[in-house]
């Protein structure tokens, strides 16, 4: 067993490297569709469910269906039955970058002991309220701070985080525009 | 009681209109900070929590702390303990647009009976795998389909949905770029 073999962050890097090679010659298989359904409850309170997705030329189901409640807080005169929709973006970003750090660390032979990300999204709510048309509706900016304990130098840890950003689906989705089509059926 | 007064989608539009007027003269109070923390569990499995936020010049807490699990599915050689990070973006988008529809409907005197959104995100995973540097990491596009039962014409329902997009925090965050800063502390 080499030093790198003894590193275990719980990521099967070998399978990911094999998938990368396999999908280079099979672009159709690489086309995934992720799905969710949102149902209106009352007011701005909604319930969203996620179960099915497609990819590798087949339909799949997560092991379990997940349900997510969203609402607005009481300071917006709402019922606060769950977090706000925009907070779900922070959950997605923090989990994506952290998963990437674990994967890159495994690939580089760096043993992680703990990773914690703290996220802050700055939001001027005059946009969504229509109080000032020069203010955007979304975040003015998001700050992510990582606290990482690993068998590596600060420089190597910073390089892990940089590589995770470079390959992060959610970091890309937030920092670059995505085409969103909305229709009524 | 007028016809509009009898409409009840559970949204306190009066409070929102008052907030809009009040915040026009108090831009500092309109600055909200939404927060989350993500903790690495193992592999690409993470747990994120959301509880505190700031706004209206004070610190606040949601009524309850919410916890969200993310993971990758078994087809990515992972443990599928929860949905993927990029699926959280669909949850945020569906809940934000649906909340907006309820708010706009209330303001326009349209009684909603049911609203359901189906979301699909197209994702070419060659990007995140590093199999093709021309493929982006995030979604190639997202499609949202609304099925709405309301006391209104199809045209009025489509106008509701259009106005919701125009004021949606998450729709803006996904269709326009946001500055994301990542640091190691």
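With R₀ fixed at 51 Å, the C-beta to C-beta distance from residue B:74 to residue B:155 puts the FRET efficiency at about 0.65.
Ordered by the number of other Cβ atoms lying within 10 Å of each residue's own Cβ, fewest first, A:66, B:164, A:153 fall into the sequence A:153, A:66, B:164. Which angle between 0 and 90 degrees, to the nearest 10, do you get for helix B:154-166 versus the longest principal axis of chain B when only C-alpha atoms count? Roughly 60 degrees between the two axes. Looking at the square roots a ≥ b ≥ c of the eigenvalues of the Cα gyration tensor of region A:14-115, which shape do they give, rounded for a/c under 1.5, prolate if a/b is larger than b/c, or oblate? It is oblate, given that a/c is not under 1.5 and a/b is not larger than b/c. A simple spin-label model places the labels of residue B:147 and residue B:29 4.3 nm from each other, with each point 7 Å out along Cα-to-Cβ. Among rounded, prolate and oblate, which fits region B:31-83 when a ≥ b ≥ c are the square roots of the eigenvalues of its C-alpha gyration tensor, a/c under 1.5 means rounded, and a/b larger than b/c means prolate? Taking the square roots of the gyration eigenvalues as a ≥ b ≥ c, region B:31-83 is prolate.
Remark: A:154, A:63, B:143 ranked as A:154, A:63, B:143, counting other beta-carbon atoms within 10 Å and listing the fewest first. Estimated from helical segments only, the mean residue ellipticity of chain B at 222 nm is -10000 deg cm²/dmol, where each DSSP H run of four or more residues counts as -39500 (n - 2.57). With the cut-off at under 16 Å, measuring from each backbone N in region A:60-98 to a point 7 Å along the Cα-to-Cβ line of residue A:15 picks out A:60-64. Model label sites at residue A:52 and residue A:122, defined 7 Å from Cα along the beta-carbon direction, differ in position by 4.3 nm. Going from the fewest other Cβ atoms within 10 Å to the most, the residues A:89, B:23 appear in the order B:23, A:89.
Read the figures in this text as sums done on the coordinates, not as results from a lab. On a predicted model such as this, the values are computed, not experimentally measured, just so you know. Cβ coordinates were reconstructed from backbone atoms using ideal geometry, including for glycine residues, and neighbour counts include every protein chain displayed.
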